[in-house]
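Read the structure below first, then the notes.
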Amino acid sequence: MSLTRFIKDLLRKPESIPTPGAIFYNATVAKVLRQPETKIANDIVARMGKGTVLDLGSGTGYLSIEIARRAPGLQVYGVDLSRQMVKIARRHGRGVDNAQFVFANAAKLPFRDNSIDLVISTGASHHWKTPRLVFAECYRVIKTGGEAWIYDGCPEVFSNPANSRKLNKEYGFLIGRLGYRVSTLHGFSGEEYQTEIKGMLEQTAFKGNYQMALTDIWMKITLKKRQ
Ligand SMILES: C[S@@+](CC[C@H](N)C(=O)[O-])C[C@H]1O[C@@H](n2cnc3c(N)ncnc32)[C@H](O)[C@@H]1O
């Protein structure tokens, strides 16, 4: 087994980030991801001004809170399996009444059928122990015609030299130079997306109704619940 594979497996072992990891993440990675996540927040509020958004693995809450701040007509829920992450997100979200954080497993969501307009997730899917159940839950809670936007790491984003230069210029050293290594450890390779993830999606109710595309620093999977 390669060292990268070993570290990757080790990092994926705990599904929810343990307390020290959550505190470290809040002080480091969450800050680095603010710029690309601000772009996602802008995309979402440009598309919808009212309705419900559900953020799976909301972590320290930055993305959920940014969406809620920008669009007071939206109700944003963040769910996370780490109690410490939920605590941090609630602290960050004080005063933003349309962002709520819930301790829950994305594989067993405490939301009614057909109640959510858009499900989003950033950097969390590689942690899911039962992704098939998470996709089934997404399908159940999303309203007919709604979508899920699942963003996670993919090193191929950084292996194209022109794109890598662009990201380095836009986001600076941490993302531009370390992005390849970080997304190798925190995400899936292009091949894994095309084989394992695709194979799994083909066995869900989203069969045939999804797209994968390299977008900014992420692989974005768009899942559609058809009419
Ligand atoms: C790498 S963090 C990403 C956090 C945040 N989305 C961001 O972009 O900064 C992944 C988060 O997903 C959470 N998580 C992992 N598996 C989960 C699950 N099955 N249900 C809910 N949260 C989960 C972890 O506890 C962690 O907070």
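Structure above, values below:
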| read-out | value |
| --- | --- |
| Selection from the stretch 177-227 of residues that are over 18 Å from residue 119 (Cβ atoms), β-branched (Val, Ile, Thr) and open to solvent by 30 Å² or more (accessible area, probe 1.4 Å) | 182, 195 |
| Any hit, the stretch 168-175, residues being touching a strand residue (DSSP E or B) at 6+ places or on another chain (Cβ under 7 Å) and within 25 Å of residue 17 (Cα to Cα) | no |
| Positions within the stretch 30-44 being away from the ligand (no atom under 11 Å from the Cβ), more than 13 Å from residue 121 (Cα to Cα) and open to solvent by less than 40 Å² (accessible area, probe 1.4 Å), in sequence order | 38 |
| Every residue from the stretch 119-152 that is open to solvent by less than 10 Å² (accessible area, probe 1.4 Å), in a strand (DSSP E or B) and either within 15 Å of the ligand (Cβ to nearest atom) or out of contact with any Lys or Arg (no Cβ under 8 Å at 6 or more places or on another chain) (or both) | 119, 120, 121, 148, 150, 151, 152 |
| Among (1) open to solvent by less than 30 Å² (accessible area, probe 1.4 Å); (2) in contact with a strand residue (DSSP E or B) (Cβ under 9 Å, 6 or more places away or on another chain) - the single one residue 160 does not satisfy | (1) |
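Yes/no matrix, rows are residues, columns are (1) among the β-branched types (Val, Ile, Thr); (2) more than 9 Å from the ligand (Cβ to nearest atom); (3) modelled with pLDDT under 95:
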residue: 53; (1), (2), (3): yes, yes, no
residue: 58; (1), (2), (3): no, no, no
residue: 61; (1), (2), (3): no, no, no
residue: 70; (1), (2), (3): no, yes, no
residue: 75; (1), (2), (3): no, yes, no
residue: 94; (1), (2), (3): no, yes, no
residue: 101; (1), (2), (3): no, yes, no
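The values are calculated or read from the model by the stated rules, or taken from the named source; none is laboratory data. The structure displayed is predicted, hence computed values, not measured ones. In this analysis, Cβ positions are derived from the backbone assuming ideal geometry, glycine residues included, and neighbour counts consider all displayed protein chains. Ligands, DNA and RNA are excluded from the accessible area calculation, which covers all protein heavy atoms including side chains. Shrake-Rupley method; radii C 1.70, N 1.55, O 1.52, S 1.80 Å.
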